[in-house]
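Undergrad: One structure is given below, represented as structure tokens, and several questions about it will come after.
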Amino acid sequence: MHYNQFIYSRERRRFGRQCLFSDRTQLMFSINPSMKMRRNYILRNPVHTGTQLSDQKAFSVIETENVTFAEHGMYHYEGGWPREVNIHDEESTLRYRKKVEREDAWGQQVMTLITDTTGIVEINNAVNIYQEFFVDLPAEVCEQIRFDFESRQKNIFHDPYTPHRPISVIDWAPNDVKRFLVLHTNIPLSRLEAIERLRAPKPKIKFDGRSGAESTEGNNFYIWDLENPLKPMVDFTSTEIVRKTFYCPKDENWIAGGLHSGKVCLWDVRTGGGRVCVCPLEAAHRESAPALCWVHSKTNTEFYTGSLDGSVKYWDGRDMETPIQEILLDPVLTDAQSRSRSHGATVLEFEYTIPVRFIIGSDMGSIFVGNRKGMTPSETLAAGNYRLFSGPIRTIERNPFFVKNFLITGDWCAKIWAEECKGSPTTLLIKKKNEIFCGTWSTVRCSLFVTGDAKGELDFWDLLLHQRKPIFTLKFSQAILYAKFRPDGEYLAVALSNGDIQILEMDPALKRSTTKDKALIAAMFEREQLRCKLLEGRVEEIKLKRKTDAPDEDKKLAYTKKDEDIINPDDPEEFLRIITKDTEFKEVLNTFQDQVYKVDKKRQEREYVMERTDFEADLVQPEELEQEPYSTI
């Protein structure tokens, strides 16, 4: 028994009578209110308080470390031997082999290996892996087995500013494929949109930037993370409308931009916020600067800017007080340039693999080829200018695989132009009913490029598959203003007129190319360039023939002056007019057309024979048979 227990025993009859319980009301204890405590009581009015009854959730992004795997192989010539066994001694290896064979588990292990080996041998015997199957099938069987191209929407990014602004630039970061720059230009695209903006109340930005300042001008632009469409990574502010901005390809910490007032400035990606430096007003352009491109330099701080006033300026980011060089886009090649006849610059393009040349697109549809080594305007623009479009040029982009071939978009056309074809307007031409706003080459497939038009149609063109219609078309509800492939070709960023950025994931067939594609597209470009050179040579022969056929020197001078003043082979209309006036060319063309007409006529001739059955022959009257020599058409 435990020391803290006590057992008490008693007989039942000594418990006494049974307990009977009953209900009754009786005050056992009463506490009166205290006046001291009542004075501390404060009467409150009814208060409504909201509570969160649902589970609280927090949004967080975690990037795990990448695990690196390595594959190592080993060649087993005769299994593995213990360290104490000398494999070069036959007696020691024989002694160890007999020792292992005497073990009980050895037989079971051998049976398991035999079973696995037998299964593998039977699989190899069932199918001959070196035999070519289905070779005897006709080629027509697999013609209908085709899969349509497709593109899946990965993400969508909205403009944080209200009302939404159209997008003028999308630029992927050079060293980080998850970040891209988006520039919203606070300029309405149409007159109706401008009237709606004037009637709308003055809005404010939805969130504060890193500087904490709130902007009501709507000139901010952002750097977004591909995986986070909720809030931009970096917010850049500006007191004026920004027309064009681009990353520095060699140093992504700097962004250069041209303003609507004509000024040129720089932003620092590491700090965000306002601009770091800006050029003075006396050194700026006279009108807005919608063209900009970085160029090759040792310090990675030099770039060109172009303006609608017809000037192109060369800047060094370390000293923005004055430009290094300034030229005018004068179509007349002379050092005494005139601003009155100069074209406005809309696009600038530069390729780092060709550090000497840069391309300029004007608002009059002309292409100017510039030389960076030129000291005077005539030396800089000595390569000449070519009229390709009737309206302003929208985009100029080199093929990543064949840098001498350009994709140029403007008005209702997209043209593929080569530097070597000086006198020819283009090598390949693609037309649409809608105005084309943008175009870009694929970074992984050499024959693929994309165009976007005013009706919201995103067309994918592959020159190897079809040259007259797109292989795949994706339709949007808004006009497409800009499109840009990611450097690895995995995604395509599409900018819409309502300020949205659509990130599209490409079809697997659009993200890779075969080994023959590059050779085929190179042969196509060479063939088109050869055709253009032959036409140029024919034009030169016509001009030379006109000069030599003149009866005297006065007529020669007259023809020379006429050729210099009127004939312009760079103009497509003049080019066609010269060729149509050539009598020899007309005769050859007419002969060719006659042959084509005869072949078509022969193909259209068909003989139809009416064969009647016995039943129909009994029903036909003799008079009908005499009147019915059914003939051909």
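Undergrad: Anything in the stretch 498-514 that is within 13 Å of L464 (Cα to Cα) and either at pLDDT below 85 or part of a loop (DSSP other than H, G, I, E, B) (or both)? List them, or say none.
TA: Listed by number, the residues that qualify are S513, T514.
Undergrad: Within the stretch 438-450, does at least one residue satisfy the condition of being touching a Phe, Trp or Tyr at 6+ places or on another chain (Cβ under 8 Å) and of a type in the set (G, A, S)?
TA: yes
Undergrad: With the structure loaded, tell me whether V332 is surrounded by fewer than 15 Cβ atoms within 10 Å (Cβ to Cβ), out of contact with any Gly (no Cβ under 9 Å at 6 or more places or on another chain) and without any contact (Cβ under 8 Å) to a residue 60 or more places away in the chain or whether it fails that test.
TA: Criteria met by V332.
Undergrad: Residues of the stretch 508-525 being open to solvent by less than 20 Å² (accessible area, probe 1.4 Å) and of a type in the set (D, E, K, R), which ones?
TA: D517 - this is the single residue of the stretch 508-525 that is open to solvent by less than 20 Å² (accessible area, probe 1.4 Å) and of a type in the set (D, E, K, R).
Undergrad: Okay, next question. Condition check: out of contact with any Gly (no Cβ under 7 Å at 6 or more places or on another chain), within 22 Å of V347 (Cβ to Cβ) and not charged (D, E, K, R). Does H296 satisfy that? So that I can check it myself, show each step before the final result.
TA: On the way: out of contact with any Gly (no Cβ under 7 Å at 6 or more places or on another chain): yes; within 22 Å of V347 (Cβ to Cβ): yes; not charged (D, E, K, R): yes.
Yes; evaluated as a whole, the condition is true for this residue.
Undergrad: I would also like to ask the following. Can we say G489 is within 14 Å of the chain's Cα centre (by Cα), of a type in the set (G, A, S), open to solvent by less than 30 Å² (accessible area, probe 1.4 Å) and within 21 Å of I393 (Cβ to Cβ)?
TA: The answer is no for G489.
Undergrad: Another question about this same structure. Does S338 satisfy the condition of being in contact with a Ser or Thr (Cβ under 9 Å, 6 or more places away or on another chain), farther than 28 Å from T451 by Cα and outside any strand (DSSP E or B)?
TA: Answer is no for this residue.
Undergrad: Pull up the stretch 378-404, narrow it to residues that are over 20 Å from A483 (Cβ atoms) and among the polar types (S, T, N, Q), then point me to the one that is surrounded by the fewest Cβ atoms within 10 Å (Cβ to Cβ).
TA: This residue is S390.
Undergrad: If I ask for residues that are among the hydroxyl-bearing types (S, T, Y) and open to solvent by 10 Å² or more (accessible area, probe 1.4 Å), which ones from the stretch 435-455 would you list?
TA: Passing the criteria: only T443.
Undergrad: Would you please name the residue that is nearest to W254 (Cα to Cα), looking only at residues in the stretch 299-314 that are among the aromatic types (F, W, Y) and crowded, with 23+ Cβ neighbours inside 10 Å?
TA: F303
Undergrad: In the stretch 223-234, what residues are assigned to a strand (DSSP E or B) and open to solvent by 10 Å² or more (accessible area, probe 1.4 Å)?
TA: D225, N228
Undergrad: Next up: Looking at the stretch 580-616, which of its residues are acidic (D, E), modelled with pLDDT of 55 or more, farther than 22 Å from I542 by Cα and open to solvent by less than 100 Å² (accessible area, probe 1.4 Å)?
TA: Residues satisfying the conditions are D594, D600.
Undergrad: A further question follows. Just checking, which of H296, H343, H285 is part of a loop (DSSP other than H, G, I, E, B) and either surrounded by fewer than 20 Cβ atoms within 10 Å (Cβ to Cβ) or at positive phi (or both)?
TA: Of H296, H343, H285, the one residue that is part of a loop (DSSP other than H, G, I, E, B) and either surrounded by fewer than 20 Cβ atoms within 10 Å (Cβ to Cβ) or at positive phi (or both) is H296.
Undergrad: Please enumerate the residues belonging to the stretch 242-264 that are at negative phi and open to solvent by less than 40 Å² (accessible area, probe 1.4 Å). Lay out the reasoning, then the answer.
TA: Start the filter on the stretch 242-264 by keeping residues that are at negative phi, which leaves 242-261, 263-264.
Result: V242, K244, T245, Y247, C248, E252, I255, A256, G257, G258, L259, V264.
Undergrad: Go through (1) at pLDDT 90 or above; (2) buried (at least 20 other Cβ atoms within 10 Å of the Cβ); (3) assigned to a loop (DSSP other than H, G, I, E, B) one by one and return the number of the condition M364 breaks.
TA: Every condition holds for M364 apart from (2).
Undergrad: Identify all residues within the stretch 9-48 that are open to solvent by less than 100 Å² (accessible area, probe 1.4 Å), of a type in the set (V, I, T) and over 60 Å from the mean Cα position of the chain (by Cα); write none if there are none.
TA: Scanning the stretch 9-48 gives no hits.
Undergrad: Something else now. Just to verify a result, which residue in the stretch 410-424, among those that are outside any strand (DSSP E or B) and closer than 27 Å to L481 by Cβ, is least open to solvent (accessible area, probe 1.4 Å)?
TA: Once the filter is applied, the top-ranked residue is D411.
Undergrad: Could you please tell me which pairs satisfy a Cβ distance under 6 Å, a separation of 6+ or placement on different chains, a first residue in the stretch 439-463 that is without any contact (Cβ under 8 Å) to a residue 24 or more places away in the chain and over 16 Å from I408 (Cβ atoms), and a second residue that is part of a loop (DSSP other than H, G, I, E, B) and among the small types (G, A, S)?
TA: Within 6 Å, the pairs are D462/S447.
Undergrad: Which condition number in (1) at pLDDT 90 or above; (2) part of a strand (DSSP E or B); (3) under 32 Å from the mean Cα position of the chain (by Cα) is the one that E326 fails?
TA: Exception for E326: condition (3).
Undergrad: Follow-up question, since we're still on this one. Against the conditions (1) in a strand (DSSP E or B); (2) surrounded by fewer than 17 Cβ atoms within 10 Å (Cβ to Cβ), where does L407 fall short? Just the number, please.
TA: Unmet for L407, out of (1) in a strand (DSSP E or B); (2) surrounded by fewer than 17 Cβ atoms within 10 Å (Cβ to Cβ): (2).
Undergrad: Something else about it: Of the conditions (1) modelled with pLDDT of 90 or more; (2) within 26 Å of the chain's Cα centre (by Cα), T380 satisfies every one except a single condition; which number is it?
TA: Unmet condition: (2).
Undergrad: In addition: Among the residues of the stretch 375-396, is any touching a Pro at 6+ places or on another chain (Cβ under 8 Å), farther than 30 Å from D335 by Cβ and touching a residue at least 40 places away in the same chain (Cβ under 8 Å)?
TA: For the stretch 375-396, residues touching a Pro at 6+ places or on another chain (Cβ under 8 Å), farther than 30 Å from D335 by Cβ and touching a residue at least 40 places away in the same chain (Cβ under 8 Å): absent.
Undergrad: Filter the stretch 265-282 down to the residues that are closer than 25 Å to G344 by Cβ, open to solvent by less than 30 Å² (accessible area, probe 1.4 Å) and part of a loop (DSSP other than H, G, I, E, B) and list them by number.
TA: If the condition is that a residue be closer than 25 Å to G344 by Cβ, open to solvent by less than 30 Å² (accessible area, probe 1.4 Å) and part of a loop (DSSP other than H, G, I, E, B), then C279, P280 are the ones that fit.
Undergrad: Shifting gears a bit: Scan the stretch 456-480 for residues that are surrounded by fewer than 17 Cβ atoms within 10 Å (Cβ to Cβ) and small (G, A, S) and report the count.
TA: Number of matching residues: 1.
Undergrad: Filtering the stretch 348-376 down to residues that are of a type in the set (K, R) and farther than 17 Å from V403 by Cα, which residue is farthest from the chain's Cα centre (by Cα)?
TA: K373
Undergrad: Within the stretch 446-461, identify whether any single residue is within 15 Å of the chain's Cα centre (by Cα) and in a loop (DSSP other than H, G, I, E, B), and answer yes or no.
TA: There is at least one residue in the stretch 446-461 that is within 15 Å of the chain's Cα centre (by Cα) and in a loop (DSSP other than H, G, I, E, B).
The values are calculated or read from the model by the stated rules, or taken from the named source; none is laboratory data. All values derive from a computational prediction rather than experimental measurement. For neighbour counting, all protein chains shown are included, and Cβ atoms are generated from backbone atoms with ideal geometry for every residue, glycine included. We work out accessible area using only protein heavy atoms, side chains counted, and drop any ligands, DNA or RNA first. Shrake-Rupley method; radii C 1.70, N 1.55, O 1.52, S 1.80 Å.
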